[in-house]
1. Going by what's in this entry, would Val114 be described as in contact (Cβ under 8 Å) with a residue 60 or more places away in the chain and assigned to a helix (DSSP H, G or I)?
2. Return the total of residues in region 145-164 being in a helix (DSSP H, G or I) and crowded, with 21+ Cβ neighbours inside 10 Å.
3. Suppose we keep only residues that are buried (at least 21 other Cβ atoms within 10 Å of the Cβ) and aliphatic (A, V, I, L, M) within region 17-28. Which one would you say is modelled with the lowest pLDDT?
4. In region 80-93, what residues are surrounded by 14 or more Cβ atoms within 10 Å (Cβ to Cβ), farther than 15 Å from Ala139 by Cβ and free of Cβ contacts under 8 Å to residues at least 12 places away in the same chain?
5. So, in region 94-134, of the ones that are open to solvent by 30 Å² or more (accessible area, probe 1.4 Å) and hydrophobic (A, V, I, L, M, F, W, C), which residue ends up farthest from the ligand (Cβ to nearest atom)?
6. Under 26 Å from Arg187 (Cα atoms) and assigned to a helix (DSSP H, G or I): is that true of Leu81 in this structure?
7. Take the residues in region 165-189 that are more than 10 Å from the ligand (Cβ to nearest atom) and open to solvent by 90 Å² or more (accessible area, probe 1.4 Å), then tell me which one is nearest to Arg127 (Cα to Cα).
Amino acid sequence: MCETRLPWVGMSSPVNPAHAAGARTIALVGIDGSGKTTQARLLAAGLSAAGLPAAYRQNAGGRAWFGRLAAGFGRRDAEELLGRRSMLLLESLLRWLAIARTLLHRAARREIAVMDRYAACQYASLRAHGAGPAAERRARLAYRLFPRPDVTFFMAVDPEVAQERIVRRGTDHESLDYLAAADRAYRSLPEFAEFVVIDANGSPDEVHAAIDAALARPTALPGRRRLRMRTLLLAGVPVVAGAAVLGWQLAESF
Ligand SMILES: Cc1cn([C@H]2C[C@H](O)[C@@H](COP(=O)(O)OP(=O)(O)O)O2)c(=O)[nH]c1=O
């Protein structure tokens, strides 16, 4: 095992290049304030420091951007500005484009994409916002094109802790009720059984160490999935490329 010094967290981390090198997509999912962005950046930096071609990739759905726009119009949030159904539709579309763009980058650069959010986040968002099963079925149909990540880390955090972090972040706001509903939504997904659950209540250093340790385990990245993912990617690239080129500018602005 390669012991890699990670100066930004001041600790020795057991990143194992032999295991992580098999990954093409590592996703971090969880409720707002669970630390996805913080930890995805740390993980990408850690893998890069271990000599792997890893890159942080954000797959935002535009909700924060529209939230700021809504505030400019004196509205509480994006849903009050656009309506719940329109915002969910827009979020599904923008996240689809963002993921397509990320996968295109990944294919072109042969990098390990460390994904800040992935398809599961959209399914959870639909459930937490009370969209019906038909809306989720449509989303699943559209997102089915995307390969399953080699590993998905679920950042398990108490909604109260997440809300405190969001308040401190100061860029957006979420009610405790919504955060609790989002947490339930993630846990109700059929994908949840495959998630690697990380206790994300701790300090950034502690959570980073937990992710690193999970990734270093030989069982973290089943080879069967790597093969399936490559196959799906080859089949999906032409479609993804067309959609990504069309949506590139749109997605860029969110
Ligand atoms: C991970 C983590 C984040 N934070 C801060 C950083 C951010 O301003 C905020 C939310 O973290 P962030 O990584 O942005 O969460 P997410 O991407 O899941 O919404 O909380 C902490 O204060 N402590 C922590 O342990």
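The values are calculated or read from the model by the stated rules, or taken from the named source; none is laboratory data. Just so it is clear, the model here is predicted, and its values are computed rather than measured. FYI the Cβ positions are ideal-geometry reconstructions off the backbone, even for glycines, and counts take in every protein chain you see. Heavy atoms of the whole protein, side chains included, go into the accessibility calculation; ligands, DNA and RNA do not. Shrake-Rupley method; radii C 1.70, N 1.55, O 1.52, S 1.80 Å.
1. Numbers: in contact (Cβ under 8 Å) with a residue 60 or more places away in the chain: yes; assigned to a helix (DSSP H, G or I): no.
For Val114, the condition - in contact (Cβ under 8 Å) with a residue 60 or more places away in the chain and assigned to a helix (DSSP H, G or I) - is not met.
2. Here is the first cut: in region 145-164, the ones in a helix (DSSP H, G or I) are 159-164.
Okay, now just the ones that are also crowded, with 21+ Cβ neighbours inside 10 Å, so 159, 162-163.
Of the residues in that region, 3 qualify.
3. Ala20
4. Of the residues in region 80-93, the ones surrounded by 14 or more Cβ atoms within 10 Å (Cβ to Cβ) are 80-82, 87-93.
From what is left, the residues that are farther than 15 Å from Ala139 by Cβ are 80-82.
The answer is Glu80, and nothing else.
5. Ala134
6. Details: under 26 Å from Arg187 (Cα atoms): no; assigned to a helix (DSSP H, G or I): yes.
Taking the combined requirement at face value, the residue does not satisfy it.
7. In the first step, residues of region 165-189 are kept if they are more than 10 Å from the ligand (Cβ to nearest atom); the result is 173, 175-189.
Add one more test, that the residue is open to solvent by 90 Å² or more (accessible area, probe 1.4 Å), and what stays is 173, 177, 184, 187.
On the way: His173: 19, Asp177: 14, Arg184: 9, Arg187: 11 Å.
If we take residues in region 165-189 being more than 10 Å from the ligand (Cβ to nearest atom) and open to solvent by 90 Å² or more (accessible area, probe 1.4 Å), then Arg184 is nearest to Arg127 (Cα to Cα).
To keep it simple, each residue is scored yes or no on (1) open to solvent by 20 Å² or more (accessible area, probe 1.4 Å); (2) free of Cβ contacts under 8 Å to residues at least 24 places away in the same chain.
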position: Gly30; (1), (2): no, no
position: Gly33; (1), (2): no, no
position: Lys36; (1), (2): no, no
position: Leu42; (1), (2): yes, no
position: Ala45; (1), (2): yes, no
position: Pro53; (1), (2): yes, no
position: Gln58; (1), (2): yes, no
position: Gly62; (1), (2): no, no
position: Ala70; (1), (2): no, yes
